[in-house]
1. Answer rounded, prolate or oblate for the range 98-152, using the Cα gyration tensor with square roots of eigenvalues a ≥ b ≥ c: rounded when a/c is under 1.5, else prolate when a/b is larger than b/c, else oblate.
2. Please order 59, 206 by the number of other Cβ within 10 Å, starting at the fewest.
3. Between the range 277-292 and the range 128-180, how far is it from one alpha carbon centroid to the other, in angstrom?
4. Using the structure shown, select from 152/235; 126/149; 188/229; 180/206; 51/77 the pairs with a Cα to Cα distance greater than 30 angstrom.
5. Under the classification rounded if a/c is under 1.5, otherwise prolate if a/b is larger than b/c and oblate if not, where does the range 61-176 fall, given a ≥ b ≥ c as square roots of the Cα gyration tensor eigenvalues?
6. Would you order 283, 34 from fewest to most other beta-carbon atoms within 10 Å of each residue's own beta-carbon?
7. Which percent of Cα pairs goes in each bin when the distances of the chain are cut into 5 angstrom slices starting at zero?
8. Alpha carbon centre of the range 186-223 versus the range 64-80: separation in Å?
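No lab work stands behind these numbers, since they all come straight from the coordinates. This structure is a prediction, so every number in the text was calculated from the model and none was measured. Counting neighbours? That spans all protein chains shown, and the Cβs are built from the backbone with ideal geometry, glycine included.
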Amino acid sequence: VLVISCPCALGLATPTAIMVGTGKGAENGILIKSAEALEIAHHVQTVVMDKTGTITEGKPRVTDLVADGIDETEMLKIAASAEKGSEHPLADAIVEEAKELNLELYDVENFEAIPGQGLRAVVNNKKYYLGNLRLINEQKINIKNFEEKSTKFADEGKTPLYFADENNVLGIISVADVVKPTSEAAIKEFEAMGIEVVMLTGDNKKTAEAIRKQLGITRAVAEVLPQDKEREIRKIQEQGRRVAMIGDGINDAPALARADVGIAIGAGTDVAIESADIVLIRSDLLDAVTAV
C-alpha cells in the first residue's frame, strides 16, 4: 500500500509500484514485459486458452488402432513414415509409438501438411491421407463404417485420426493427451473471479465437449483452424470484453498479439513467447491466475 501526500510523488510512486509488481511476478515465475500488460491484466473479463500444450501436457499418446483392409501394424508404420515430416504434437505421438514398437519407417515422397485437417503423402508409390473428418469429407473419401468408432473415441475425450488411401478410410488412429495437473484448479479459480473461460481447439466437437465438461470450462470452440484463432479473439473483443489469450504454439502467435493481453507458456515456441505480453516460465496455468 502506497500513501501519497504530495502530487509530485506520483512521478515516483507509479513506476515504483509497477517495478514492485513486475519484480514479484518474476519471483513467482511470471515474466511481465510491460507496465501496460500488468495494468490491463487486472481488468480481463475473458480468458481464452489453446488446448494442446496449454491445458494439456502437449505430449499425446496413441491409445487405439482400428483397421479394416490393412494390418494395424502396417497402418501405423505408413502413418508414422508420413508424420515424421510434421511438427504437430499428434504427429510426434504416432512416430513415438512406431519407435517403441521398433518399426522401420518407409521413405516418403510429396509430403504435404494441410492446415487444420491433416496431411497427405506418397508411401511406396501410393497416396495416403491422415487427419480429421474435414480432410476426409473434402477429399470425398468413403468413410465406410468408421464414423461410429470415431464418435466413441471422441466421447472418451480422445482425438480420432482417419487413415485413408485415395478412395477409402482404412482405419483410425486414436490419440489422447493428458490434462496438466493444475489446469482444472486454474480454470475454477478464473470462474470464481467471475472471468469467463473459453477453450479453442482443432479437435472435433465431441472431443472438445468431453474435455469442456471434464474441466468445467464455460465454453469450447471446436474445429478451429490455425488462422481462425485470431478471429475468435476479435469476436469476443467486439462484444466489449477485455480478453487474455493463453497459448504456446506458432499458430497461437496472431491470437496472442490480437488479445488485450497475450500470455505465453514458457515451454512453448519462441514465436509465441515473442508475441506475448506475459510469459509463464513454469508453464503452470495457476501462474496465469496470479498474473490477472
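1. Numbers: a/c = 2.04, a/b = 1.37, b/c = 1.49.
Oblate, because a/c is 1.5 or more while a/b does not exceed b/c.
2. On the way: 59 13, 206 19.
By the 10 Å Cβ count, ascending: 59, 206.
3. Each part's Cα centre sits 34 Å from the other's.
4. Working: 152/235 32 Å; 126/149 25 Å; 188/229 23 Å; 180/206 20 Å; 51/77 27 Å.
Too far apart for the 30 Å limit: 152/235.
5. Values: a/c = 1.38, a/b = 1.13, b/c = 1.22.
Rounded, because the longest to shortest axis ratio a/c is under 1.5.
6. Values: 283 20, 34 12.
Listing 283, 34 from fewest to most nearby Cβ atoms yields 34, 283.
7. 1, 6, 11, 15, 16, 13, 11, 9, 7, 4, 3, 2, 1, 1, 1, 0, 0
8. Computed from Cα coordinates, the inter-centre distance equals 32 Å.
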